[in-house]
Amino acid sequence: MKQLPIDLEYLQDILLKLLFTPSPAGYTDRVVHLVCEELERLGVPFELTRRGAIRATLKGVTERPNKAVVAHIDTLGAMVKALKPNGRLELVAVGHWNSRFAEGARCTLFTDIGQHRGTILPLKASGHTFGPEIDNQPGGWQNVEFRIDERVSSLGDLLQLGVHVGDFVAIDTQPEITPTGFINSRHLDDKAGAAVLLAATKAILDHEARLPVNCHPLFTISEEVGSGASAALHQDVAEMLTIDNGTTAPGQNSSEFGVTICMADMGGPFDYHLTHRIIQICQEFHIPHQRDIFRYYRSDSAAALEAGNDVRTALITFGIDASHGYERIHQDALESLAELVAIYMQSPPLYARDRYEMGPRAGFPTVPG
């Protein structure tokens, strides 16, 4: 195993391409094509599931037991719940996020026949009209509406425009990268993770690194709505490393710098042995890192296990401030993560026994104690 330099210019460029490609869960075809085109450009073979999850393959010396590294390319968003008599639209959330972070957002509405720009606003949006009532109105998705930038003022106008219940709304990401290395944007969860995975893959290829076993970069399309990596795995995969966001907030140990290793989330503890292999790599190669536990959090790992996959899972994250809101990360964390992923891809499988779905006791590990 060796530490590989990461092409940071490439990482930033592909991140911006991902951020500027709308992909609320359920409306992900465009970003799937983008990632597929990038894999083709890199010369990495891949397959698609029926719905568009991507399983690429980096060939190793042997085929079993396989590894997988996963990031999701779907994001939060909204859908049209109802067409209102005033020519505006009632919305429901796609994924779990609070409507207070939607207020004032610029968006694109995708209909069956076109697309339209607009803004999500609270029902009482004019201070000159409602005065103090603005501060007292309740939150929640039933208390915001989509103002479409077209000449519409009635239900009939909306229907004539081709707007229907179930149309998707994508939220503008508005990315900004500061001279100090901070990246502000919506949907860094988990397009930053996908950019890290592509950058690590590029590093492996650029430096012709030797992989002991096949490794599968996976890009899932439904993590924000719960199913995530449930369908993209096959039975040869024994280890799966998930890349996602960590929460830098009061009471948490995550950081916007270095790698944050999640020890457990609401789905329970991650695999002890794979998690400690990741910690060992960080220690050996002097990759800055910290550990954390997330209470209100699940990832592609949980989806894979709940679907019945017998796979060891671990979660590594970039610390993100204001997750599922006005998000901020630092490029330092992305570089550290990409370095870690590239080293992990070069590492041997944890246990030779894991090449078998079922086996004897011989070779089965034990925890210290």
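The values are calculated or read from the model by the stated rules, or taken from the named source; none is laboratory data. Keep in mind that what you see is a predicted model, and the values were worked out from it rather than measured. Backbone-built Cβ (ideal geometry, glycine too); neighbour counts: all protein chains shown.
A few notes on this one:
- One residue stands out in the range 324-369 among those that are of a type in the set (Gly, Ala, Ser), at pLDDT 90 or above and touching a helix residue (DSSP H, G or I) at 6+ places or on another chain (Cβ under 6 Å): the one that is surrounded by the fewest Cβ atoms within 10 Å (Cβ to Cβ), namely Gly325.
- Total residues in the range 311-369 satisfying the condition of being more than 27 Å from Val213 (Cα to Cα) and in a strand (DSSP E or B): the figure is 7.
- Top-ranked residue of the range 146-166 - restricted to ones that are over 20 Å from Pro22 (Cβ atoms) and touching a strand residue (DSSP E or B) at 6+ places or on another chain (Cβ under 6 Å), ranked as surrounded by the most Cβ atoms within 10 Å (Cβ to Cβ): Leu158
- Condition check for Thr220: assigned by TED's automatic domain parsing to the domain that holds Glu327 and touching a Ser or Thr at 6+ places or on another chain (Cβ under 7 Å): no
- Taking the range 106-196 and the strands (runs of 3 or more DSSP E) fully enclosed by it, the elements with 2 or more residues that are touching a residue at least 40 places away in the same chain (Cβ under 8 Å) and β-branched (Val, Ile, Thr) are at 144-148, 168-171.
- Some residue of the range 287-303 being in contact with a Pro (Cβ under 9 Å, 6 or more places away or on another chain), modelled with pLDDT under 95 and among the hydroxyl-bearing types (Ser, Thr, Tyr): no
- In the range 55-90, the residues that are aliphatic (A, V, I, L, M), assigned to a strand (DSSP E or B) and buried (at least 24 other Cβ atoms within 10 Å of the Cβ): Ala68, Val69, Val70, Ala71, Ala78, Leu89
- The range 39-54, residues that are on the phi < 0 side of the Ramachandran plot and either touching a His at 6+ places or on another chain (Cβ under 6 Å) or outside any strand (DSSP E or B) (or both): Leu39, Glu40, Arg41, Leu42, Val44, Pro45, Thr49, Arg50, Arg51, Ala53
- Here is the figure for the range 261-284: residues that are surrounded by fewer than 15 Cβ atoms within 10 Å (Cβ to Cβ) and farther than 17 Å from Ser301 by Cα total 3.
- Selection from the range 197-223 of residues that are assigned to a helix (DSSP H, G or I), small (Gly, Ala, Ser) and under 22 Å from Ala53 (Cβ atoms): Ala199, Ala200
- Subset of the range 91-105 that is in a loop (DSSP other than H, G, I, E, B) and of a type in the set (A, V, I, L, M) - its residue that is surrounded by the most Cβ atoms within 10 Å (Cβ to Cβ): Ala102
- Flag set for Phe146, criterion: closer than 22 Å to Ala25 by Cα, aromatic (Phe, Trp, Tyr) and more than 22 Å from the chain's Cα centre (by Cα).
- Filter result for Lys17 (among the basic types (Lys, Arg) and over 22 Å from the mean Cα position of the chain (by Cα)): no
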